[in-house]
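Inspection log for the structure reproduced underneath, given as structure tokens.
Laboratory data are not the source of any read-out in this text; all were calculated from the coordinates shown. This one's a predicted model, so the numbers in the text were calculated from it and none came from an experiment. With ideal geometry, Cβ positions are generated from the backbone for all residues, glycine too; neighbour counts draw on all protein chains shown.
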Amino acid sequence: MSGRTIMTGNQAVAEAVRLARTEVVAAYPITPQTVIVEKLAEMVDSGLLDAEFIRVESEHSALAAVYGSAVAGKRSFTATSSHGLLYMYEMIWWVANARVPLVMVVVTRTIGPPWNIHTDHTDLLTMRDSGWIIAMAENVQEAFDLTINGFRISEEVSLPYTAGMDAFQLSHTSEVVDLLEQQYVDEFLPERRQSYVFGEEAFTVGCIGPNEYTARLRKDTFEALKNTEKVVDKVSREYEEITGRNCGLLEEYRLDDAEYAVVMMGAWSGDAKDAIDELRKESLPIGLLKLRYIRPMPYKKIQKLLDGKQVLVLDRDCSMGAGGILGVEVKNCVEATNIIAGIGGIDVGVDDFIKMFRVFSEGKLEVEKNGVYWWPPEIYDKGMR
Amino acid sequence: MEVKESILLSGNPSCQGCPHSLGLRALGLALDDPVVIIPAGCSTIVAGIHPKATINAPVLHVPFASAPAVASGIASAFRREGKKKQIVVWMGDGGADIGFATISGAAVRNEDIIVIVSDNEAYMNTGIQSSGTTFWKAKTTTSPTGKSEERKDLAAIMLMHRVPYVATASVGYLPDFINKLEKAKKIRGFRFIQLHSPCPPGWRFDSSKTVEIARMAVKCGAWILWEFDGKLSFSPASRPYKDKMKRTGLTEYLRAQGRFKGIDDSDIETIEKNIDMQWKFLEAFENF
């Protein structure tokens, strides 16, 4: 399949995994990621994808299995969401510390209780400190593009890569997508390379070592992830040359001349752009800085782009006791106001953004004493019984 | 049998009288070209501390509950390359507790791997805590007055997964263990061996007596050697003890171990009854 078509985020991710000539897939179903697993199983069964599909019994084993296949030299993929991600959390850190390249898609979903299958971003952001490269898609096209970019970047820096996409809003929503022809993907994605391959020579991986050795490895990983900034720049430029689509670290939207800047990530950024268009008609100088990558976090670039602007960071996630996670991140380099909204999948549409941005620009956003504003206020004021 | 070098090198940091060392040496004698996957446990230490390594084979250390799943991924990778190496998961009974779903999942998928549980009947690496295979009445640091529940029969549970090969073995009968590995290596698919591994510091007996204690367990019938390769059969070392009258030394076996200190005659009677039941249970499979 190539050319322009219509598909859901889950289908597009499966197509990207196929085009990347992935050799091993292990995944455990969880709403709303299930379709990715089903599509890949179908592709393997029908011979459309020449790969091994491991029907694991849990997410912990899903990541453990692709760790095994990846460390043994094969391009490997898994996907999960929310509680599945938390269940594999031990392996998330192990894979990163072992410097093994592989790709995982996280369909972002609220963490319970109460049970909730709708999107927010806290699950993905629990990976923030683990050493993974973390990207987040705005639309189905980006979910497709980032998955392909992911294999290339991951294998170039020997770190695992995850791309997030919002539950249902992307995973189950059909959008127009430009797929790539196999030859272009092959050109963009050379044969897999990694810093070591397990299974041939008699060497030991992961054994106990002196503390200084562990410390040195952590610093190496830290620096490798920092340097991934340059690799993302380079790889996304190459990808843009082939596809005309940029998947770089950041996307600026009407930001140049803006006095007010909104910072956010994920599917709702599209609605925020529409809101910005509306407000621009009223001559409100507002723009958007979309984060496409959370790790590496390009603090210097962000600081430069936001310099002198009034900054509003929108979070669909929360670091308990601190604030929105992106808010905490962005405040590393600029002063910012922080709104937490859309938690538990609460709809936040263009009208909400217009209202939000207007109140913000008028300086009327009353930040609670804990430094973060929970939107929309009426939900929290009324209480729910 | 051609003489091979041990894959476990000398100078490894195992305790004196360590049963895992015996098992690992036998492993290297039986298998031609193993890769070894080790989850957290005593063998994490036995395998050596960087920059030294004591197992002369590719060794991958992995998180506690993950080993059979990691091995599954490696099996997939090897299959794609046509690589014929034996993928061995070497774990303890702790790994088999915390990673039970993982072993079960790999068995259900009939993964082309050999899982060996070197069973020392407690979590020894963390300092002797009770496990699913800890013997009834055995004292551990989490059962200081003796374990109040029966042990689980891991090998029989694995048998119920309808995999091609399941066996029990003992470090007291290494030729039998080697024979079983030799047999297992010729079979493709999921193979499981539970290796009885008496632990001197954990069971409280002198480190010179590991093999002796292991043999006592077999002779009194408390540990039964059997294998299933399509049909269940008792292994030669255990076969005589099908006859209850030939089982000897249960009291001596228990009294030789500090973990059973204070055990009384009625406890021993109960243990004897449970041993009888275990034999009947396995005989039913033998005759099936």
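So, R0 is 51 Å and r is the distance between the beta-carbons of B:Thr141 and A:Lys304; what FRET efficiency does that work out to, to 0.05?
FRET efficiency, B:Thr141 to A:Lys304: 0.30.
How large is Rg/Rh for chain B, to two decimals, with Cα atoms and a Kirkwood Rh?
0.95
Report, in listed order, any pair from A:Lys219/A:Lys309; B:Lys152/B:Lys273; A:Lys281/A:Lys331; B:Lys183/B:Lys219 with a Cα-Cα distance greater than 22 Å.
Correct reply: A:Lys219/A:Lys309; A:Lys281/A:Lys331; B:Lys183/B:Lys219.
Extending each Cα 7 Å along its Cβ direction at B:Ser208 and B:Phe281, get the distance between those two points in nm, one decimal.
Inter-label distance under the simple model: 3.7 nm.
So how do B:47-57, A:57-67, B:185-195, B:228-238 stack up, highest first, on mean other-Cβ count within 10 Å?
On the way: B:47-57: 18.3, A:57-67: 29.3, B:185-195: 20.6, B:228-238: 16.6.
My ranking of the peptides, most packed first, is A:57-67, B:185-195, B:47-57, B:228-238.
Return the whole-Å distance between the Cα centroid of the range A:279-298 and the Cα centroid of the range B:217-288.
Each part's Cα centre sits 72 Å from the other's.
Give me the three principal axis extents of chain A from the C-alpha atoms, as integers in angstrom, largest value leading.
Sorted from largest, the Cα extents of chain A read 65, 52, 47 Å.
Using only the alpha carbons of the protein assembly as shown, what is the convex hull's orientation-averaged projected area in square nanometres?
Its average projected convex-hull area is 33.5 nm².
Out of the range A:182-267, which GluC sites (Glu not before Pro) are coil in DSSP terms and have no more than 10 other C-beta atoms within 10 Å? Intermediate results must be reported in sequence, preceding the final value.
Details: sites: A:Glu187, A:Glu191, A:Glu200, A:Glu201, A:Glu212, A:Glu223, A:Glu229, A:Glu238, A:Glu240, A:Glu241, A:Glu251, A:Glu252, A:Glu259; in loops: A:Glu191, A:Glu200, A:Glu201, A:Glu259.
Answer by residue number: A:Glu191, A:Glu201.
Which aspartates and glutamates, if any, have their Cα less than 15 Å from the Cα of A:Lys355, not counting same-chain residues under 8 positions apart?
A:Asp271, A:Asp274, A:Asp277, A:Glu278, A:Glu282, A:Asp347, A:Glu366, A:Glu378
Report the relative contact order of chain B, percent, no decimals, based on alpha-carbon pairs under 8 angstrom and at least 6 residues apart.
In percent, rounded to a whole number, it is 16.
What residues qualify as long-range amide H neighbours of A:Val177, i.e. H under 5 Å apart, gap of 5 or more or another chain, H built at 1.01 Å from N?
A:Thr5, A:Ile6, A:Met7
State the Cα centre-to-centre distance between the range A:7-39 and the range B:110-174 in whole Å.
38
Let me have the relative contact order for chain A, percent, based on Cα pairs under 8 Å that are six or more residues apart.
Numbers: 781 pairs, mean separation 60.9, N = 385.
This gives 16 percent for chain A.
Given points 7 Å out from each Cα along the Cα-Cβ axis, report the B:Ala101 to A:Ile242 separation in nanometres with one decimal.
3.7
Would you please give the FRET efficiency between A:Val359 and A:Val176, computed as 1/(1 + (r/R0)^6) with r the Cβ-Cβ distance and R0 = 22 Å, to the nearest 0.05?
Here the calculated transfer efficiency is 0.05.
Which of the residue pairs B:Lys85/B:Lys186; B:Lys83/B:Lys185; A:Lys74/B:Lys186; B:Lys147/B:Lys242 have a Cα-Cα distance greater than 20 Å in the structure shown?
Beyond 20 Å: A:Lys74/B:Lys186; B:Lys147/B:Lys242.
Among A:Phe357, A:Asn10, A:Ala26, which residue has its Cα furthest toward the positive end of the charge dipole of the protein assembly as shown, with +1 on Lys/Arg Cβ and -1 on Asp/Glu Cβ?
Looking along the dipole axis, the top candidate is A:Ala26.
What nm distance separates the two modelled labels at A:Glu259 and B:Glu182, each placed 7 Å from Cα along Cα→Cβ?
Taking the simple label geometry, A:Glu259 and B:Glu182 are separated by 8.8 nm.
Out of A:Gly287, A:Leu326, A:Ala267, whose Cα points farthest toward the positive end of the dipole of the range A:226-368 (charges: +1 Lys, Arg; -1 Asp, Glu; placed on Cβ)?
A:Leu326
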